[in-house]
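For reference, the structure discussed in these notes is given below.
The values are calculated or read from the model by the stated rules, or taken from the named source; none is laboratory data. Predicted model only: the values in this text are computed from it and were never measured. Methodologically, a virtual Cβ is constructed for each residue, glycine included, from the backbone with ideal geometry; neighbour enumeration extends over all protein chains shown.
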Amino acid sequence: MEATEQTLSRILATYGLDTPLVAIGGLLLLAMLIHLLLGVLLRRLHRVAESSSNRWDDVVITAVETPLRVALWLIALMLILGRVPIAADLQAFILRAYDTLLILMLAWFLQRLIFGAEEELLSPARGHKASTDKAAVHSTAKLIRVILWILAGLMALQSVGVSISGLLAFGGIGGIAVGFAAKDLMANFFGGMSIYLDRPFTPGDWIRSPDREIEGTVEDIGWRLTRIRTFDQRPLYVPNAVFTQIAVENPSRMFNRRIYETIGVRYQDSAKLASIVADVRQMLEKHPEIDLNRTLIVNFVSFGPSSLDFFVYAFTRTTVWVEYHAIKQDVLLKILDIIHEHGADVAFPTRTLHLDSAPPELAQAVRGEHP
């Protein structure tokens, strides 16, 4: 900055333009001219970037455009203030502020670059992204932005004369006290970090916990709380630390849904049971909504108290809850039709009373006869 001012002073003195008003006017005119030339250059770069197949050059040009314009006027302002006769202490403060502002401008450019990269990675032009991929991109970008501004803040403090080593030493001692005072807050913060890194669920997933009464659709994952919309449409706010202590199921990531039913046939239809089981298996193998790449079982399994039981074990192709129940209904109705086609029927609870060895008086009483 000082070398620039010295060079500028020599140029102005050579042409006799080293008076403050003339110097300020010249700097403003020069800044406006550079601003116009910069706009022409950036527009041309945008046209070249749009014509290329590589999309990352668009991201870089868009990220640098606005910070570069602001940086130009910031430099011009600092040069103008350097031409104004003010106190030496104020000039030193302005120079320190200049360094701090340039650090913040660089951090601003990098943040815009991170936002642009995040949008590019999630753009429809790159194809469909799974929910886990989107969560990974969002969480990584958010983590990089946090680290970026922490570093920018430390550099800015260093530029205004604050000792970073002393600050870090104080932070090590004070961190212990803050940790005890805000342990729940820190636990939730690191719980959110573990969710972002491990990705057990993402916004839009249906989750449930067998350990707690937590079930619903994830709407938002914050740094302290996760908002879940329950199936009765009530919002449920769960601290992130809870998810480090409980088991979580994610039905949204199922590959299939299971049909598991036990069906009983009457004992008098025992001769028809083998044919019924074979026809049910054949029906499932031909059903368009049953996934044959998964386990398919139809077998006679037990002699029930009042029925001969066989069970059906199959998986649907869909994981959508409503579609699954429609498919399950269709399968069960077709099983019922198969049973009826064989002249059999589904069993219901019955009880048989044998009276062959009963005394005559008891047998007559059961039949309603009087001795």
Exercise for the section: Please work out if Ile228 is among the aliphatic types (A, V, I, L, M) and in the same structural domain as Glu323 (by TED's automatic domain parsing). Expected result: no
Practice task
Among the numbered conditions (1) touching a Ser or Thr at 6+ places or on another chain (Cβ under 8 Å); (2) surrounded by 15 or more Cβ atoms within 10 Å (Cβ to Cβ); (3) closer than 30 Å to Phe190 by Cβ, tell me where Arg227 comes up short.
Solution key: (1)
Exercise for the section: Check every one of the strands (runs of 3 or more DSSP E) wholly within segment 166-277 and list those with 2 or more residues that are at pLDDT 90 or above, closer than 30 Å to Phe303 by Cα and among the hydroxyl-bearing types (Ser, Thr, Tyr). Expected result: 257-265
Practice task
Determine whether Thr295 is surrounded by 14 or more Cβ atoms within 10 Å (Cβ to Cβ), touching a residue at least 12 places away in the same chain (Cβ under 8 Å) and within 30 Å of Ala326 (Cβ to Cβ).
Solution key: no
Practice task
Could you check, for segment 133-144, whether at least one of its residues is at pLDDT 65 or above, surrounded by fewer than 14 Cβ atoms within 10 Å (Cβ to Cβ) and in contact with a Phe, Trp or Tyr (Cβ under 9 Å, 6 or more places away or on another chain)?
Solution key: yes
Practice task
Name the single residue, out of those in segment 265-280 being out of contact with any His (no Cβ under 8 Å at 6 or more places or on another chain) and not small (Gly, Ala, Ser), that is farthest from Pro305 (Cα to Cα).
Solution key: Val280
Exercise for the section: Please specify each residue of segment 235-272 satisfying the condition of being touching a residue at least 60 places away in the same chain (Cβ under 8 Å) and among the hydrophobic types (A, V, I, L, M, F, W, C). Expected result: Met254, Phe255, Ile259, Ile263, Val265
Handout entry: Condition broken by Ile94, with the remaining ones in (1) over 48 Å from the mean Cα position of the chain (by Cα); (2) at pLDDT below 75 satisfied
Key = (1)
Exercise for the section: Please find, within segment 255-292, the residue that is farthest from Asp205 (Cα to Cα) out of those that are loosely packed, with under 13 Cβ neighbours inside 10 Å and of a type in the set (A, V, I, L, M). Expected result: Ala271
